[in-house]
1. How would the stretch 45-165 be classified by its alpha-carbon gyration tensor: rounded, prolate or oblate, with rounded meaning a/c under 1.5 and the a/b versus b/c comparison settling the rest?
2. Can you give me the distance in nm between label points at Leu133 and Asp221, each placed 7 Å from the Cα along the Cα-to-Cβ direction?
3. Spin-label point model (7 Å from Cα, Cβ direction): what's the Ile180 to Leu103 distance in nm?
4. Using the beta-carbon distance between Gln341 and Arg22 and R0 = 22 Å, what value does 1/(1 + (r/R0)^6) give for FRET efficiency, to the nearest 0.05?
5. Take the Cβ-Cβ distance between Lys2 and Thr144 as r, set R0 to 22 Å, and report the resulting FRET efficiency rounded to the nearest 0.05.
6. Which pairs, out of Lys32/Lys105; Lys2/Lys79; Lys101/Lys170; Lys2/Lys101, put more than 24 Å between their alpha-carbon atoms?
7. Which Cys residues of the chain have no other Cys beta carbon under 4.7 Å away?
8. Run the accessible area of the stretch 104-206 with a 1.4 Å probe and give the carbon-and-sulfur part as a rounded percent.
Amino acid sequence: MKTIGILGGGQLARMLIESSCRYDFTFRVLSKEPMSPAGKLTRFEIIGDWDDEKALEEFSSGCDVITLENEFIDFNAIKFLEEKGNYIAPGSNVVRSIQDKLLQKETLKNTGVPVADFTRIDSVSDIKDFASLHGYPVILKSRTMGYDGKGNLKINSDAEVNNAFKQLSKRGELLAEKYIDFVLELAVQCSRSTNGELIIYPVVETIQKDHICHIVKASRDRFHYLRETVSDLCKTITEKLGYVGTMGIELFLLPNSELLVNELAPRVHNSGHYTIEGCKTSQFENHIRAILGYKLGDVELTVNSAVMINILGETDSTADYKGLDELVKMQNTYCHIYGKQLSKPGRKMGHITVTGENLENVTANAIEARAKLTI
Ligand SMILES: Nc1ncnc2c1ncn2[C@@H]1O[C@H](COP(=O)(O)OP(=O)(O)OP(=O)(O)O)[C@@H](O)[C@H]1O
Ligand SMILES: [Mg+2]
């Protein structure tokens, strides 16, 4: 039976385990803290940091394949595991070219994938030069370790440049992007197997609140007209990177129906959580199948509409859920609690997916379901 190692013990690792434990695979998890969301689901939770070689060796022992649940893993840790003879998907080179947003944008641009105009930023005058070429607003971004909008600042005029540069420089190196006046934000997941088989999930709409993913809406045929363009994008990107596993791709839809790629995630993605109840095979199961080189599962929607709403922490407190007993009375409503012990404002604590016919009704039901739960 296969043994799968996951670097990281968060909710994505937890859902990877949930998706495939029915096959009786063994999962080993490397987590910084005990009782992580994924660690609660396996006897093999190894505690250690990325730079802890002993922990890395213990974690990897007996693994047929190793994968990751976030892109912030130190490149050297992946390299270390590869050099010890482990198979890691996605591998160190892929992670390196994605975890740095500047390198990622350059890779995409060089491959002919449309992205917003961008440039490397080393000084205040670099930002002003970029703005005089492309106009305000400009988005200043940290090259690495940005997530949930942490590491992004919108700059509206020359007067805001100094402050923004000062603030974000503390986080490390920067890039700037032209601010895109998109019609909608969209996302797609695709999974590519070790043997090159590629499957592409339906395109979904994502709604962010304060730069954090809030709601994801999937609906049959809604973005059918983008299907071919999106398939080409997924094929180009995954082949160029030699990618193996599920990838999340965030997109901007422009007024002329063209698409820009906002960013890639070399892992399963929040915009694909709806696939657990909404599609024939979830993004999580297909990730596991892909890295094992198994045939991938069908990805069609099994319902007309599926809407996912995140359960975000509201205060700094010990996580304590109330209202689950009421929530489970709702039909076609599926609640996932990640098992994090501490709640913080904006922290992803769980999610709810609601399925049904009409997208508007399903969205309203998802919002109603979310309101029943307090943390
Ligand atoms: N060039 C842009 N033009 C307009 N809006 C943008 C641009 N870049 C980012 N945004 C907005 O900011 C949000 C977060 O940006 P981005 O995806 O780059 O950051 P992140 O912190 O890596 O996000 P996450 O981890 O939540 O996906 C986007 O979903 C989008 O709403
Ligand atoms: Mg993003």
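The values are calculated or read from the model by the stated rules, or taken from the named source; none is laboratory data. What you see is a predicted model, and the numbers here were worked out from it, not measured in a lab. Counting neighbours? That spans all protein chains shown, and the Cβs are built from the backbone with ideal geometry, glycine included. Quick note on the areas: whole protein, heavy atoms, side chains included, nothing else; ligands and nucleic acids left out. Shrake-Rupley method; radii C 1.70, N 1.55, O 1.52, S 1.80 Å.
1. The shape class here is prolate.
2. My value for the distance between the label points is 4.5 nm.
3. The answer from the label model is 2.2 nm.
4. Result of the calculation: an efficiency of 0.25.
5. Working: r = 32 Å, r/R0 = 1.46.
Between Lys2 and Thr144 the formula returns 0.10.
6. Numbers: Lys32/Lys105 30 Å; Lys2/Lys79 22 Å; Lys101/Lys170 17 Å; Lys2/Lys101 34 Å.
Over 24 Å Cα-Cα: Lys32/Lys105; Lys2/Lys101.
7. Those would be Cys21, Cys63, Cys213, Cys279, Cys335, since no other cysteine Cβ in the chain comes under 4.7 Å of theirs.
8. Working: 2220 of 4720 Å².
Whole-percent figure for carbon plus sulfur exposure: 47.
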